[in-house]
Amino acid sequence: MYNDEDMRKKEKLKWVEDRIKALEEIEIKLTKMKTLTEYVKNNELSKEEITKLNEEIDKLSKEISTLDKDSKIFWLDNQ
């Protein structure tokens, strides 16, 4: 049978595992943002193409913010 401290440790471990997964997803999205930014920088694109790519970068940025915020909740709530 688990005591409260054991349960607390299991909760923290689960949070760390979830946070690591979120950080891995964030890293993938940041890499994609970098790739898109370099593509824009290194190619002559129309305004429409640039706008479309900027929208994609903005979308990725919002997704990163959400992932970061959501994956910190347990930690922030339990300080």
Could you count how many residues in the stretch 16-52 are among the small types (Gly, Ala, Ser) and within 18 Å of LYS62 (Cβ to Cβ)?
1
Any pair with Cβ under 8 angstrom, 6 or more apart, that starts in the stretch 1-20 at a residue that is in contact (Cβ under 8 Å) with a residue 24 or more places away in the chain and ends at one that is of a type in the set (Phe, Trp, Tyr):
GLU11/PHE74; TRP15/PHE74; TRP15/TRP75; ASP18/PHE74; ARG19/TRP75
What are the residues in the stretch 38-61 that are polar (S, T, N, Q) and either more than 30 Å from ILE73 (Cβ to Cβ) or modelled with pLDDT under 95 (or both), if any?
ASN42, ASN43, SER46, THR51
If I ask for residues that are assigned to a helix (DSSP H, G or I), touching a helix residue (DSSP H, G or I) at 6+ places or on another chain (Cβ under 9 Å) and exposed (fewer than 13 other Cβ atoms within 10 Å of the Cβ), which ones from the stretch 35-49 would you list?
TYR39
Within the stretch 1-34, track down each residue that is part of a helix (DSSP H, G or I) and either acidic (Asp, Glu) or more than 23 Å from SER71 (Cβ to Cβ) (or both).
ASP4, GLU5, ASP6, GLU11, GLU17, ASP18, GLU24, GLU25, GLU27
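The values are calculated or read from the model by the stated rules, or taken from the named source; none is laboratory data. All of these numbers come straight from a predicted model, not from anything done at the bench. Cβ atoms come from the backbone with ideal geometry, glycine included; neighbour counts cover every protein chain shown.
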